[in-house]
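Working notes, structure below.
The values are calculated or read from the model by the stated rules, or taken from the named source; none is laboratory data. The shown structure was predicted, so the numbers you read here are calculated from the model rather than taken from an experiment. Here the Cβ positions follow ideal geometry from the backbone for every residue, glycine too, while neighbour counts run over all protein chains shown.
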Amino acid sequence: VAGNLTADGLLTITDVDAGEANFTTQAATAGSNGYGTFTLAADGSWTYTADNTQAAIQQLGAGDTITDSFTAVSSDGSDSQLVTVTIHGTNDSAVIGGVSTDDVTEDNGADGLLPGNLT
């Protein structure tokens, strides 16, 4: 399947310091393995978008997995959390190409073939 694949989630945070129970926002942060990007809002909601056109993702077979991750950091920098997304492979349908029809003229044979008799 071409296009982008997405996953999302919500992190929680507590901080005894008033007004600091939030995250440092991140926009289009590259994942650790470069398969996609993460965004993180101050409230902890995050989204991951994998680039499904990448060869590493397209080559995954059924049962194969790869991971991508980023680090969410509290707004005061006092704590962090690694967020990891696992991309699961599937068996993609085969694509068959080429000429599927041809022309034959009576007494001339198919393209590249000479007429003859069967005995």
Which one is farthest from THR71 (Cα to Cα), of the residues in region 1-43 that are in a loop (DSSP other than H, G, I, E, B) and among the acidic types (Asp, Glu)?
ASP17
Residues to consider are ASP92, ASP76, ASP102; find the one that is modelled with pLDDT under 95, surrounded by fewer than 10 Cβ atoms within 10 Å (Cβ to Cβ), part of a loop (DSSP other than H, G, I, E, B) and of a type in the set (D, E, K, R).
ASP102
Return a yes/no flag: does region 52-72 have any residue that is in contact with a helix residue (DSSP H, G or I) (Cβ under 8 Å, 6 or more places away or on another chain) and modelled with pLDDT of 95 or more.
yes
Kindly indicate whether any position in region 60-67 is part of a strand (DSSP E or B) and surrounded by fewer than 16 Cβ atoms within 10 Å (Cβ to Cβ).
yes
Hey, TRP46 hits all of (1) over 15 Å from SER80 (Cα atoms); (2) more than 10 Å from the chain's Cα centre (by Cα); (3) part of a strand (DSSP E or B) but one; which does it fall short on?
(1)
Please work out if ASP8 is closer than 14 Å to THR84 by Cα, charged (D, E, K, R) and either surrounded by 12 or more Cβ atoms within 10 Å (Cβ to Cβ) or touching a strand residue (DSSP E or B) at 6+ places or on another chain (Cβ under 9 Å) (or both).
yes
So is GLY19 farther than 24 Å from ASP79 by Cα, modelled with pLDDT under 90 and not aromatic (Phe, Trp, Tyr) or not?
no
